[in-house]
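Working notes, structure below.
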Amino acid sequence: MARFPSRSAALCPKSALALAVLVALHRCAPDAGLDLGHPPIPQDAELDDDALEPFSPENDGTDASAPEDATDAEAPMDATDPPDEGLVDASLSRPDAIDVRDVVPPRDVPSPPRMCTGSASGQSSIWTCTSDRSSRQRCVSGTVQTERCAHGCVPQPSGTNDYCAAAPPPTTLPSCARQSLLRWGLHAYASDRLRCAGVPASRITQTIGSAAASAGTHGQDGTFMGQPYSAATDISTRGLTNDEIRALLSRLANQGFAAWYRLPGSDGWPSSEAPHIHAIYVGAAMKASLRAQVSDWLIGRNGLTSHTTYRFYTWTDAQKALVRAVFNRYN
């Protein structure tokens with residue numbers, strides 16, 4: 001059978017003290033007839049091991065845990081009372097505790113000096129033209145970046161980058177050595193520039209002429225240095241590939257010629273006619289029919305009576321601008 005703790009071991013401290021006092025009184029005056037509320041307990045008596053109830057005074061309805069004398073109750077500490085010197089705040093013993101005496105009070109931090117002073121863009125990273133439009137500037141990480149614009153700076157709407165203008169197209173033809181005529185009927189300058197474009201005399205098939213297919217296009221346009229000339233010249237394409245012909249058309253434009261490749265059955269050229277390049281030198285005065293052809297060339301047409309779009313080759317805007325500038329100067 002399981003054993004329960006003895007009754008004496010279960011007594012609370014106050015109950016044990018009261019019991020000890022009663023026992024002492026009983027020993028001192030055994031015959032005094034004191035009514036202790038319990039029958040006398042023999043001096044050598046032992047509590048039953050299986051007693052389940054502790055030996056304690058009867059509960060009279062009062063809280064046994066409450067202090068008997070209110071004056072003995074521990075008074076709460078006033079918030080104004082200083083703590084006992086013997087008590088140490090555990091938080092101050094932590095290694096990571098911060099001593100308020102070590103905290104440096106914040107100070108007014110001076111604002112950094114203004115960067116990009118004098119930049120056309122201010123503090124913005126957007127490219128902005130300078131007042132004289134010779135450069136553009138922007139502010140990047142506090143540093144002014146400047147880019148020179150050799151041909152001027154072009155302003156743009158707010159919030160977008162201004163840009164440096166591209167080099168204007170040339171208005172004069174490149175230099176070309178002065179030499180003798182390749183063939184009779186050519187303008188002297190046209191002869192030189194045909195040579196500079198890589199056209200030998202053997203490829204020139206017609207200068208001044210009255211062939212029916214030309215419809216007067218190769219008639220004389222004037223005289224230069226005492227020699228008659230026609231601004232129109234026909235060039236043979238014999239043995240050339242289409243890519244080589246396109247490259248030749250580009251070189252001719254760079255030397256001041258409005259030229260087309262007449263491919264039979266294409267771009268309005270009759271399929272019964274021979275293939276060749278029809279070139280007009282724009283650096284000389286010319287008749288009205290040739291001026292109309294040059295006007296067609298400048299807008300991408302074929303220079304024929306059909307005036308349809310020319311598709312075999314397309315020139316750059318710079319090449320067209322050069323031919324237009326030279327043409328307007330002499331016509």
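Just so it is clear, none of the values below were taken in a lab; they were calculated from the coordinates. Here the structure is a predicted model, which means the values were calculated and not measured. Every residue, glycine among them, receives a Cβ derived from its backbone with ideal geometry; neighbour counts consider all protein chains shown.
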Quiz item: Are any residues in the range 119-138 assigned to a strand (DSSP E or B), closer than 22 Å to Ala167 by Cβ and among the charged types (D, E, K, R), and if so, which ones?
Solution: Arg136
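This table checks each residue for (1) touching a Ser or Thr at 6+ places or on another chain (Cβ under 7 Å); (2) of a type in the set (Gly, Ala, Ser); (3) assigned to a strand (DSSP E or B); (4) surrounded by fewer than 16 Cβ atoms within 10 Å (Cβ to Cβ).
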| residue | (1), (2), (3), (4) |
| --- | --- |
| Ala279 | yes, yes, yes, no |
| Met286 | no, no, no, no |
| Gln293 | no, no, no, no |
| Asp296 | no, no, no, no |
| Leu304 | no, no, no, no |
| Phe312 | yes, no, no, no |
| Lys320 | no, no, no, no |
| Arg329 | no, no, no, yes |
Quiz item: Which one of these does Phe224 not meet: (1) out of contact with any Ser or Thr (no Cβ under 9 Å at 6 or more places or on another chain); (2) at positive phi; (3) in contact (Cβ under 8 Å) with a residue 40 or more places away in the chain?
Solution: (2)
Exercise. Answer with yes or no whether Gly216 is closer than 19 Å to Trp297 by Cα, of a type outside the set (D, E, K, R), more than 56 Å from the chain's Cα centre (by Cα) and surrounded by fewer than 21 Cβ atoms within 10 Å (Cβ to Cβ).
Key: yes
Quiz item: How many residues, within the range 276-308, are of a type in the set (Val, Ile, Thr), out of contact with any Phe, Trp or Tyr (no Cβ under 6 Å at 6 or more places or on another chain) and touching a residue at least 40 places away in the same chain (Cβ under 8 Å)?
Solution: 2
Quiz item: Do the conditions hold for Ser131, that is, is it under 23 Å from Ala258 (Cβ atoms) and either in contact with a Phe, Trp or Tyr (Cβ under 9 Å, 6 or more places away or on another chain) or surrounded by fewer than 16 Cβ atoms within 10 Å (Cβ to Cβ) (or both)?
Solution: no
